[in-house]
1. Given Ser205, Ser220, Ser236, which one is out of contact with any His (no Cβ under 7 Å at 6 or more places or on another chain), open to solvent by less than 60 Å² (accessible area, probe 1.4 Å) and modelled with pLDDT under 95?
2. Residue pairs, Cβ under 7 Å, 6 or more apart or interchain, first in segment 209-221 and part of a loop (DSSP other than H, G, I, E, B), second at pLDDT below 90 and surrounded by fewer than 21 Cβ atoms within 10 Å (Cβ to Cβ). List them.
3. Just name the residue that is farthest from the chain's Cα centre (by Cα) out of those in segment 43-65 that are of a type in the set (S, T, N, Q) and not in a strand (DSSP E or B).
4. If I filter segment 316-337 for residues that are open to solvent by 20 Å² or more (accessible area, probe 1.4 Å), part of a helix (DSSP H, G or I) and in the same structural domain as Glu429 (by the TED database), do I get at least one hit?
5. Quick one: which of Lys201, Lys141, Lys137 is touching a residue at least 40 places away in the same chain (Cβ under 8 Å) and of a type in the set (D, E, K, R)?
6. Could you tell me whether segment 436-451 includes any residue that is over 25 Å from Asn337 (Cβ atoms), under 19 Å from the mean Cα position of the chain (by Cα) and surrounded by fewer than 23 Cβ atoms within 10 Å (Cβ to Cβ)?
7. Go through the residues of segment 92-106 one by one and say whether even a single one is open to solvent by 20 Å² or more (accessible area, probe 1.4 Å), modelled with pLDDT under 90, closer than 15 Å to Arg28 by Cβ and not in a helix (DSSP H, G or I).
Amino acid sequence: PPRPAGMGDAPEPCPQAPLAVLSKVELRVSCKHLLDRDTLNKSDPCVLLLMQTQGQWMEVDRSEVIKSNLNPVFAKIFTVDYYFEEVQKLRFEVYDSHGQAGVGTHDDDFLGGMECTVGQIVAQKRVTKPLFLKYGKFAGKSTITIISEEISGNNGYVELAFRAKKLDDKDLFSKSDPFLEIYRIDDDRSEQLVYRTEVVKNNLSPIWEPFKVSLNSLCSCEEKRKLRCVVWDYDSRGKHDFIGEFFTTFEEMQKAMGENKVQWDCMNPKYKIKKRNYKNSGVVVLLDLKIHRVYSFLDYIMGGCQIHFTVAIDFTASNGDPRNSCSLHYINPYQPNEYLKALVAVGEICQDYDSDKKFSALGFGARIPPKYEVSHDFAINFNPDNDECEGIQGVVESYQSCLPKIQLYGPTNVAPIISKVARVAADEERTKEASQYFILLILTDGVVTDMADTREAIVRASYLPMSIIIVGVGNADFTDMQILDGDDGVLRSPKGEPVLRDIVQFVPFREFKNVSGAATGCCL
C-alpha cells in the first residue's frame with residue numbers, strides 16, 4: 001500500500017458554520033490470525049490509523065508494537081472526533097515491525113489493511129472485518145476487530161501507580177519479568193483492555209511506572225464497575241506465563257488517595273484448588289491515585305468564568321520593512337495593513353466574551369527600546385507593569401504607536417508568549433476561585449523557529465484553563481500551524497506526551513478575510 005503521507009494541506013475555507021462535533025469516540029483494536037512474516041519468531045504487529053482528508057490518506061496515530069503475537073490485543077486507544085453529518089473514512093494498516101527500524105520504514109512487512117467509516121463503527125459498536133493485502137487480495141484468514149465507545153461528558157482522568165511484592169518465580173534460571181494488565185468488565189461480561197504496563201525485567205517485587213487513563217476508559221465513569229487485573233511473566237516468544245489476578249473497582253482504588261495504600265492478593269485459581277496451604281502468588285499494591293477533572297471551554301463559561309484575552313503580534317523581519325508597501329506591517333495612512341485587518345476581524349468577535357473589554361497586548365521577535373535587545377514577550381504599550389489596552393481600538397492604537405519605535409528582527413519564537421500566559425493561568429487555577437479562562441490570540445506570518453519548545457508549551461498549557469487561536473497573516477507556508485492545530489492527529493510534545501485537550505485552533509486569514517465577521521466567528 002502507499003506509505004502514509006505527512007501532514008496534509010489546510011482544510012478548504014468554510015464560510016458556513018462548521019460541522020459540530022457530535023462526540024469523541026474511543027476505538028480499541030485487536031487482530032486474529034495475522035500472517036507470520038518472521039522466520040524464527042512470530043510477527044511483531046503494530047497498527048497505523050489513517051484518515052482520509054481531501055482525498056489523501058494521512059496518518060493520525062499508531063499503536064504500540066506487540067512482540068511475537070499473531071492474535072494481538074492492542075493497549076493503545078485511538079480517539080477520533082465523530083461528526084454525525086460527515087462521512088469520515090478510516091483506514092487501519094497492520095505492519096510487522098522490525099526492531100530499531102520502527103514502523104513506517106521499507107523494512108516493515110505489510111500484514112493487511114481495512115477501510116471503513118467512523119459512522120459504521122459507531123453504529124455497530126463492534127466491527128470485525130478481513131484484512132486485505134495489495135490489489136484486494138485476502139491476507140489469509142487475518143481479521144481486525146474495532147470496538148467503539150463514545151466518550152461521555154465526564155472527561156476526567158486518573159493517574160495510578162502500582163507495584164507488586166513477592167510474585168511467583170516462573171523462570172528457571174532467572175526471576176520473573178512481570179507486567180500488569182487492567183481489564184474493564186462490561187455489562188455483557190466482555191472484557192476491554194484498559195492498560196498494559198511496561199515489563200520489569202528479572203524482578204519479583206517490581207515497581208511499574210505511573211500511568212494515566214481516562215475515567216471513561218477505566219470504568220465507563222461508574223465507580224462500582226468491576227475491574228480485572230492480571231499479572232504476567234513476559235516471554236519474548238509471546239507465550240507469557242500467568243502469575244495471578246485480582247478483581248477490584250475504581251471505588252475501592254480510591255482508598256489509595258493521599259497517604260493511604262491499597263493492596264490485593266494476586267491469586268492463581270489453579271494453585272488455590274491444588275495447593276492446600278496456598279495463600280497467594282504475590283501481592284499487588286496501589287501506591288498512589290490522583291483524580292484529575294478535565295473541563296471544556298463551555299464548562300468554564302457556564303460555570304461563570306470571566307474571559308481574559310491576550311493578543312500576541314509577530315514583529316519578526318520576515319514580515320517585511322514597515323516602510324515598504326509589500327510589508328504585512330506597512331504603515332498606510334489610508335487603509336489598515338494585513339495585521340490590523342486580522343486583529344480587528346478576530347478581536348471584535350473575541351471582545352464580546354470579555355467582560356471588562358481589556359486586552360493584554362504583547363509583541364514578539366523585535367528589538368525594543370531602550371537597549372534594542374530582542375524580546376519575545378514585550379508589552380506593545382511599553383508598560384511591563386500593565387500590558388492591558390482598552391478594547392480592540394486600544395490595541396490598534398498601541399500597535400500603531402509601537403511600530404515606528406521597534407526594529408523587526410527574529411527569530412519567530414512562540415513558546416515564550418504561550419508560557420507567559422500559561423503561568424498566569426496556572427496562578428489563577430491555584431486560587432480557590434479559578435474564575436478566569438485565558439485565550440491567547442497569536443497573529444503571525446508563518447514558520448515557527450522554536451517548534452519543539454512550542455509543542456512542549458502547548459502540551460503543558462492543555463492542562464490549564466486556556467485556549468490558543470493562531471491567525472496566519474499573509475501568504476506564507478503555514479504547515480507548522482496546521483501541525484500545532486492537531487486536527488490531523490493528536491499534537492504531542494517532543495517526548496511523545498499528548499495534549500490533554502485540543503486547545504489550539506489555526507485560521508489562515510487569507511481564506512477568511514472576505515467572509516462576513518459572523519462566519520469568521522463560527523470558524524473560530
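The values are calculated or read from the model by the stated rules, or taken from the named source; none is laboratory data. If you're wondering where the values come from, they're calculated on a predicted model, not measured in any experiment. Using ideal geometry, Cβ is built from the backbone for each residue, glycine included, and neighbour counts are taken over all protein chains shown. What goes into the accessible areas is simple: the full protein's heavy atoms, side chains included, and nothing from ligands, DNA or RNA. Shrake-Rupley method; radii C 1.70, N 1.55, O 1.52, S 1.80 Å.
1. Being out of contact with any His (no Cβ under 7 Å at 6 or more places or on another chain), open to solvent by less than 60 Å² (accessible area, probe 1.4 Å) and modelled with pLDDT under 95 holds for just one of Ser205, Ser220, Ser236, which is Ser220.
2. Cys221/Ser152; Cys221/Asn154
3. In this case the residue turns out to be Ser43.
4. yes
5. None of the other options fit; the residue is Lys141.
6. Yes, segment 436-451 has at least one match.
7. No, every residue in segment 92-106 fails to be open to solvent by 20 Å² or more (accessible area, probe 1.4 Å), modelled with pLDDT under 90, closer than 15 Å to Arg28 by Cβ and not in a helix (DSSP H, G or I).
The rows are residues; the columns are (1) in the same structural domain as Phe179 (by the TED database); (2) loosely packed, with under 15 Cβ neighbours inside 10 Å; (3) assigned to a loop (DSSP other than H, G, I, E, B).
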{"site": "Asn41", "(1), (2), (3)": "no, yes, yes"}
{"site": "Lys67", "(1), (2), (3)": "no, no, yes"}
{"site": "Leu70", "(1), (2), (3)": "no, no, yes"}
{"site": "Phe74", "(1), (2), (3)": "no, no, no"}
{"site": "Val80", "(1), (2), (3)": "no, no, no"}
{"site": "Val87", "(1), (2), (3)": "no, yes, yes"}
